[in-house]
Amino acid sequence: MNNPCPFSMQHAVKTGGVAAIELRQLSKRYKGARAPALNGIDLTVREGGFFGILGPNGAGKTTLMSVLGGLLKPSSGSVLINGQDLQRHRAAIKRVLGMVPQEPAIYPTLTARENLEYFGRMQGLTGKHLQSRVEACLEIAEISGEADQRVEHFSGGFKRRLNLVIGLIHEPRILILDEPTVAIDPHSRALIHQRLRELHAAGISILISTHYMEEAEQLCQEIAIMHHGRILVQGTVGDLLAMQRNETIQMQLTGDPPAALAQKLQKLPGLQNAFVSGRCVMVTAERPDEIAVQLMQTVHEHGLGVHSMGFGASSLEQVFLSLTESKAEK
Amino acid sequence: MKQNLTKLVASILKEARIIGRDRQALFLFFVMPVVFVLILSLALRDAFGERPGATFPVLVVAGDRGEISANVIRAFRSNSHLQLTESDHASEVQVRQWLIEGRYMFAVLIPPGATEQAKRRIGEMAARVPKELLTEKPVEVRVLADPALRGDYRKVLEGALSLALHGVEMRLGGEQLDQLLKTTLGERYVPMPDMEQTPVFMPIHSEVVTKERGDPTPTSVQQNAPAWTLLAMFFLTVPLSVSFIKEREQGSLFRLQTMTVPAWVVLGGKALPYFVINLIQMASILAVSVHVLPLLGGDRLDLGHSPLAILVMGASASLAAIGFGIAVAMYARTAEQAASFSSAVVMIMAALGGILVPKAVMPPLMQDLAVFSPLSWGLDGFQDVFVRGGAVMQVMPEALGLLAFSALCHGIAILRYESRI
Ligand SMILES: Nc1ncnc2c1ncn2[C@@H]1O[C@H](COP(=O)(O)OP(=O)(O)O)[C@@H](O)[C@H]1O
Ligand SMILES: [Mg+2]
């Protein structure tokens with residue numbers, strides 16, 4: 001499989017120590033599915049890092065989280081947690097991982113406290129330690145006052161807050177959250193953001209998926225943009241923001257480009273970055289008008305025409321949208 | 001291991017709590033089966049085997065005090081299924097009214113002077129009076145019947161009545177012949193032997209011939225109590241599989257998979273509370289059949305001599321049902337799918353296994369097919385205890401069959417659970 005990520009800025013990642021999460025060429029194809037849900041994912045979350053995976057619905061975020069949580073076997077590739085292979089050291093790894101699933105995974109007819117106690121016991125906690133963790137988690141979620149109400153009477157925000165702290169009950173060193181703030185009231189979202197920052201400050205490694213641009217920008221140190229099971233671009237928030245200041249050219253091609261097109265374009269003088277995604281090409285350059293002719297020539301050399309072409313400044317949001325929507329059109 | 005046991009206990013308590021908060025489920029688990037057994041045992045009590053106490057009321061209006069009345073009354077009295085009332089003066093209008101009111105199901109009206117009339121007619125016949133010139137009419141014994149009386153029972157009663165009247169006819173005819181011989185033979189007359197003292201035929205004793213072990217046919221309650229216990233147990237697979245799938249849909253099952261909780265803790269935590277519910281169901285159905293049913297006029301269930309054998313059967317049947325429910329849960333995609341599939345399969349297994357319709361009334365081919373239903377094994381096992389007085393050894397084949405079925409289902413379920421990860 002060729003490199004599915006046409007452009008990556010990983011230099012910031014290589015800062016010492018064993019990575020908390022390391023994915024190597026991870027692929028997953030569901031039985032009977034035409035396209036793989038994960039297609040050669042390479043990704044590193046360093047220890048103590050705060051990593052965001054940004055992608056629209058169906059990008060493969062939940063699939064990725066499920067592989068990390070040991071719920072799904074990958075079709076190929078490897079998952080290393082704290083440098084240990086997930087398949088071979090499942091039991092040890094499960095103890096350091098805290099999972100917060102996308103849908104609140106709670107028992108509706110039990111109370112918040114009963115839910116926390118039950119999952120705490122399932123994590124192996126007992127006695128006073130269990131009780132103090134339950135109290136702590138209720139406080140973190142700010143639901144101490146509602147601790148003895150059945151969860152079915154909770155609002156969406158309360159359910160998500162409880163869902164979050166169930167993932168924290170055993171004090172995991174690595175926290176994996178799948179869209180923890182979808183469809184939630186502003187207060188609950190702010191609270192969850194606040195708690196995640198505190199956990200990050202306490203040295204917990206965090207991997208969070210989201211489809212909210214600004215959530216990723218506000219919280220994360222590093223971001224990967226994911227679409228159709230591939231990572232389109234990843235880098236530090238600084239790198240991606242720097243990209244925003246550049247001018248861009250967007251082109252719509254008349255046919256499917258060969259895989260090597262991105263690398264070819266990358267070599268053009270004066271061009272900074274190039275993304276190819278389906279029939280959509282986006283390049284950034286300081287003087288876009290100067291490279292436009294060369295750009296079109298390179299495209300023609302591959303036997304392709306240009307359907308449409310446009311100039312403009314890009315925001316991270318635009319990068320995200322143009323990369324993901326062009327694929328969705330197909 | 002110790003840690004896993006604590007997890008198992010916590011899972012059981014969690015499940016018990018969830019079930020305990022579901023009022024509708026509690027009603028379905030405990031009230032429904034008991035009500036079913038009561039209603040069906042009472043409704044079907046006459047549809048099964050011989051019931052020494054099951055009688056229906058018969059009235060004989062003995063208009064004459066002669067041999068005809070005596071013979072008919074004697075014939076009916078010897079039948080333990082009849083509850084006989086005698087009257088010597090009730091009018092036909094009155095009797096019809098009683099039948100309509102349901103006081104009697106069958107009434108025989110013997111007209112006044114019937115015996116005298118019969119004697120006179122036989123006398124004329126012996127005197128060779130030509131048929132057209134006979135002055136005495138044949139005696140008319142009338143029968144009135146409640147339409148609710150089953151046709152076959154009515155035929156049996158009519159048969160018994162005819163037999164009694166024929167007996168009278170024979171005797172009166174014999175007396176007449178005797179008289180005739182005495183007058184014609186004079187000195188050479190020897191009286192006829194008394195047929196009643198020296199019968200020609202042996203009294204009839206029917207021997208029941210069955211395939212095996214000289215099976216007694218189960219009574220209504222012996223069929224219904226175990227049958228509905230089994231059906232209630234197997235119907236628990238519906239809420240069991242639904243609760244499992246709900247747990248999957250709610251994500252809590254996946255959450256448990258991200259923790260170090262082995263499959264047997266998850267499955268055991270689910271299964272054990274339902275196992276206890278099954279045993280409570282059995283205990284309550286049997287208790288009602290023993291203590292409440294007789295108060296309502298039904299038969300009391302005889303539990304046999306081996307409580308241990310009952311427990312063995314109940315436990316094996318419950319484990320079989322639970323295994324089935326868990327296997328369904330593992331393969332069904334949605335709760336609706338699990339519910340409709342498991343209830344359909346349970347109903348088919350119940351129909352096939354002689355739960356809905358007793359095996360005794362099925363044609364031989366269907367009786368052979370019943371072997372394929374685990375519910376049939378359960379029913380056989382319980383009836384080994386209740387009907388045939390069996391102990392643990394006698395129920396072993398059925399219990400082991402159910403346990404093997406349970407093991408198979410659990411095996412399939414665990415394979416599927418592990419392969420999902
Ligand atoms: N259990 C499944 N079986 C088959 N296909 C699935 C399954 N779960 C998800 N998919 C498919 O995999 C792709 C990625 O889904 P998902 O990981 O849920 O995306 P996201 O969480 O980013 O919205 C989608 O095309 C989805 O339809
Ligand atoms: Mg998702």
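The values are calculated or read from the model by the stated rules, or taken from the named source; none is laboratory data. No experiment lies behind these values; they were computed from the predicted model shown. Note that we place each Cβ from the backbone using ideal geometry, even for glycine, and neighbour counts take in every protein chain shown. For the accessible areas, the whole protein counts, side chains as well, though only heavy atoms, and no ligand, DNA or RNA atoms are used. Shrake-Rupley method; radii C 1.70, N 1.55, O 1.52, S 1.80 Å.
Check whether at least one residue in region B:407-414 is without any contact (Cβ under 8 Å) to a residue 60 or more places away in the chain and open to solvent by 60 Å² or more (accessible area, probe 1.4 Å), and report yes or no.
In the first step, residues of region B:407-414 are kept if they are without any contact (Cβ under 8 Å) to a residue 60 or more places away in the chain; the result is B:411.
Going one step further and asking which of them are open to solvent by 60 Å² or more (accessible area, probe 1.4 Å), we end up with none.
No, that holds for no residue.
Here's the yes/no breakdown for (1) more than 16 Å from ligand 2 (Cβ to nearest atom); (2) at pLDDT 95 or above:
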position: A:136; (1), (2): yes, yes
position: A:163; (1), (2): no, yes
position: A:175; (1), (2): yes, yes
position: A:183; (1), (2): no, no
Among (1) more than 16 Å from ligand 2 (Cβ to nearest atom); (2) within 25 Å of residue A:194 (Cα to Cα), there is one condition residue A:39 misses while meeting the rest; what is its number? (2)
Which of the residues that make up region A:143-170 are under 21 Å from residue A:131 (Cβ atoms), open to solvent by 60 Å² or more (accessible area, probe 1.4 Å) and within 14 Å of chain B (Cβ to nearest Cβ)? A:148, A:149, A:150
Segments classed as helices (runs of 4 or more DSSP H), wholly inside region B:306-374, with at least 2 members that are open to solvent by less than 20 Å² (accessible area, probe 1.4 Å) and within 16 Å of residue B:239 (Cβ to Cβ): B:307-331, B:335-352
Going by the structure shown, is residue B:158 at pLDDT 80 or above, in the same structural domain as residue B:81 (by TED's automatic domain parsing) and surrounded by 14 or more Cβ atoms within 10 Å (Cβ to Cβ)? yes
When region A:86-124 is checked residue by residue, the ones that are more than 10 Å from chain B (Cβ to nearest Cβ) and open to solvent by less than 50 Å² (accessible area, probe 1.4 Å) are A:86, A:96, A:112, A:116
What are the pairs, 6+ residues apart or on separate chains, where a residue within region A:60-75 that is within 12 Å of chain B (Cβ to nearest Cβ) has its Cβ under 8 Å from a residue that is aromatic (Phe, Trp, Tyr) and part of a helix (DSSP H, G or I)? A:66/B:254; A:69/B:254; A:71/B:254
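Does region A:52-61 include one or more residues that are farther than 20 Å from residue A:27 by Cα, within 16 Å of ligand 1 (Cβ to nearest atom) and assigned by TED's automatic domain parsing to the domain that holds residue A:159?
For region A:52-61, residues farther than 20 Å from residue A:27 by Cα, within 16 Å of ligand 1 (Cβ to nearest atom) and assigned by TED's automatic domain parsing to the domain that holds residue A:159: absent.
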Please go through region B:69-102 and give me each residue that is outside any helix (DSSP H, G or I) and within 24 Å of residue B:113 (Cα to Cα), ordered by number. B:84, B:85, B:86, B:87, B:88, B:89, B:90, B:91
Test each condition in (1) over 24 Å from the mean Cα position of the chain (by Cα); (2) in a helix (DSSP H, G or I) for residue B:259 and report the one that comes out false. (2)
With the condition kept exactly as written, say whether any residue in region B:86-95 is open to solvent by less than 20 Å² (accessible area, probe 1.4 Å) and in contact (Cβ under 8 Å) with a residue 40 or more places away in the chain. yes
Please pick out the residue among A:201, A:259, A:224 that is surrounded by fewer than 16 Cβ atoms within 10 Å (Cβ to Cβ) and in contact (Cβ under 8 Å) with a residue 60 or more places away in the chain. A:259
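Yes/no matrix, rows are residues, columns are (1) open to solvent by less than 70 Å² (accessible area, probe 1.4 Å); (2) farther than 25 Å from residue B:300 by Cα; (3) more than 14 Å from chain A (Cβ to nearest Cβ); (4) touching a residue at least 24 places away in the same chain (Cβ under 8 Å):
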| position | (1), (2), (3), (4) |
| --- | --- |
| B:24 | no, yes, no, no |
| B:44 | yes, no, yes, yes |
| B:80 | no, no, yes, yes |
| B:115 | yes, yes, yes, yes |
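Which of the strands (runs of 3 or more DSSP E) contained wholly in region A:171-247 include at least 2 residues that are more than 14 Å from chain B (Cβ to nearest Cβ), under 25 Å from residue A:22 (Cβ atoms) and within 16 Å of ligand 1 (Cβ to nearest atom)?
Values: elements: A:174-178, A:205-210, A:222-227, A:230-236.
Here the list reads A:205-210, A:222-227, A:230-236.
Confirm whether residue A:95 is under 29 Å from residue B:265 (Cα atoms) and away from ligand 2 (no atom under 16 Å from the Cβ).
Working: under 29 Å from residue B:265 (Cα atoms): yes; away from ligand 2 (no atom under 16 Å from the Cβ): yes.
Criteria met by residue A:95.
Take residue A:49 and decide whether it is at pLDDT below 90 and away from ligand 2 (no atom under 16 Å from the Cβ).
no
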